[in-house]
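> My structure is below; once you've seen it, I'll send some questions.
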Amino acid sequence: MNIHEYQAKELFRKFGVAVPEGFVAANGAEAEAAATKLGTPVVVVKAQVHAGGRGKAGGVKVVKSPAAAREAADALIGKNLVTFQTDAKGQPVNKVYVESGVDIARELYLAITLDRGQGRLVLMASTEGGMEIEEVAHSHPEKIFRETIDPALGLMPYQAQNIAFALGLKGDEIKNAIKFMMNLAKAYTDLDCAMIEINPLVITGQGGVMALDGKVSFDDNALFRHKDIAELNDTTQSDSREVEAAKYDLNYVGLEGEIGCMVNGAGLAMATMDVIKFAGSEPANFLDVGGGADEEKVTAALKIILGDPQVKGVLINIFGGIMKCDIIANGIVAACKTVNLSVPMVVRLEGTNVELGNDILAKSGLPIITANSLADGAAKIVAAIK
C-alpha cells in the first residue's frame, strides 16, 4: 500500500525525521491560506499522487506569494497528472501539499528497502539526489552506497556514519545525518514498511538534514497491525477494479487483453496467461481467487471481470485441492446466474471430484464450455471469441 507525500511526512515527524513545514490543501483558497501561514518568501506547491516524476511532469510549482500558491493549486487540483510512472490517463490530483522553501546546499538520495537476495533490509544512499535512482544505478553504480541491516541489531550508528562519510558530509552534517538515518530506520521497522525513499534528501545551508520528499509503501500483509495506516489508503489512486477485488480478498491486476481469467493460485494464473498468449490472444487480467474460493468470491470475481468492456470471453482454470471441484462448479453456476453471463465462458476443472464438477456444469443449462486441459481451455476460448 502506498501513501501520499504529506501523509509520509506526518509519519516522519512522529519519529523525529526532519521535514520542512507544510500543509495539505484541497483547493486554491486553502493553498493560499497555507502559504500565508507558512510565511516564507518561497513556497512549493506539490501535486499529491501515488507516482514519482512529478517535477518533470509539472506537478511541483515553486512560487513566491500566497496568491501564486492559489493559482498553482487551482491549476493542479481536479486534473490528472501523467508521469513516467503512470499510465496514459495519469493519476487524479485531489490535493496539493504546500511546503515552505528550504535553503538547499546539497541534494542527496536515501532509501531503505528489502534486498530479497540477502533477505535483509538495506540502507541505500547516493550523492545524485534528484535523479532517478534507476538511471544512477545504470550509469554510475559506484555512486550508490549500501549498508546491510542485521535484523537482530537494527541499523547501527557506525553504519549510518559510514553512509554519511561516503556522501562527503562534514561537521554537524554528519551528526544530523546519523540521527536522521537512525530515526528513519526505526520508522521503517515499527511501521512494517516495504520501502522508504527520500529523493531528494537535502543538506541545508545551516548543516541540517531534511526529507524534501517522501515516498513510503507498506507491507500489505502487516496492515492488520496498523489500522491507522490502512486508513491512509487513497483508493482514488488505484484501479477501481483492484479496489473492489481487495474487498473480497481477490488478487486482481487489470491488463490490456480480451480474455478474462479466473484462476486459483498465483503460479497457475501466470501459466494460464502464458497459454492464452500461446493460443493467439491476450489476457485481460490476472485474477487469483485463492484456495478458499466460495460462491461469494466467484460471483465477485466474475462481476469484476465482466465489468471490463474489453473482455470478450472468460477462461476459468481451477485446480480443486482443498476446495473440491463440485463446490467450485456450484459456485460458478450460481455466479453465472447472478451476473447474467453475456460472453463465451470456458471452464477447466482438475483435481478432487472433477467428474462431479464437470457433470454439474453440463447439467446447469448454461452456455458453459468445458475443457479437459489448460491448453484445450485456452484454444476453446480463443476459438469461441473469434
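> Scan segment 58-82 for residues that are surrounded by fewer than 19 Cβ atoms within 10 Å (Cβ to Cβ), under 20 Å from the mean Cα position of the chain (by Cα) and either assigned to a loop (DSSP other than H, G, I, E, B) or not assigned by TED's automatic domain parsing to the domain that holds LEU38 (or both) and jot them down.
Selection gives VAL82 alone.
> Taking LEU169 and the conditions (1) within 29 Å of VAL45 (Cβ to Cβ); (2) crowded, with 19+ Cβ neighbours inside 10 Å, which numbered condition does it fall short on, given that it satisfies the others?
(1)
> Hey, can you tell me all the residues within segment 223-253 that are buried (at least 19 other Cβ atoms within 10 Å of the Cβ) and closer than 17 Å to ASP308 by Cα?
ARG241, ALA245, LEU250, TYR252
> Within the set of pairs 6 or more residues apart or between chains, which connect a residue that is assigned by TED's automatic domain parsing to the domain that holds LYS380 and in a loop (DSSP other than H, G, I, E, B) inside segment 302-320 to a residue that is modelled with pLDDT of 90 or more and acidic (Asp, Glu) with Cβ atoms less than 6 Å apart?
So the pair list comes out as GLN310/GLU258; LYS312/GLU258.
Residue-wise test of (1) among the hydrophobic types (A, V, I, L, M, F, W, C); (2) within 33 Å of the chain's Cα centre (by Cα).
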residue	(1), (2)
LYS324	no, no
ILE328	yes, yes
ASN353	no, no
GLY357	no, no
ILE360	yes, no
ILE369	yes, no
ALA379	yes, no
VAL382	yes, yes
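> Quick one: is GLY257 touching a Pro at 6+ places or on another chain (Cβ under 6 Å), assigned by TED's automatic domain parsing to the domain that holds ARG348 and not aliphatic (A, V, I, L, M)?
So GLY257 passes the test.
> Okay, next question. Within segment 205-222, restricting attention to residues that are under 17 Å from the mean Cα position of the chain (by Cα) and not hydrophobic (A, V, I, L, M, F, W, C), which residue is surrounded by the fewest Cβ atoms within 10 Å (Cβ to Cβ)?
Filtering segment 205-222 for residues that are under 17 Å from the mean Cα position of the chain (by Cα) and not hydrophobic (A, V, I, L, M, F, W, C), the one surrounded by the fewest Cβ atoms within 10 Å (Cβ to Cβ) comes out as ASN221.
> Additional query: I'm trying to understand the selection: among the residues of segment 194-220, which are assigned to a loop (DSSP other than H, G, I, E, B), closer than 21 Å to VAL45 by Cβ and of a type in the set (D, E, K, R)?
ASP213
The values are calculated or read from the model by the stated rules, or taken from the named source; none is laboratory data. Quick caveat: nothing in here was measured; it's all calculated off a predicted structure. Cβ: placed from backbone, ideal geometry, glycine included. Neighbour counts: every protein chain shown.
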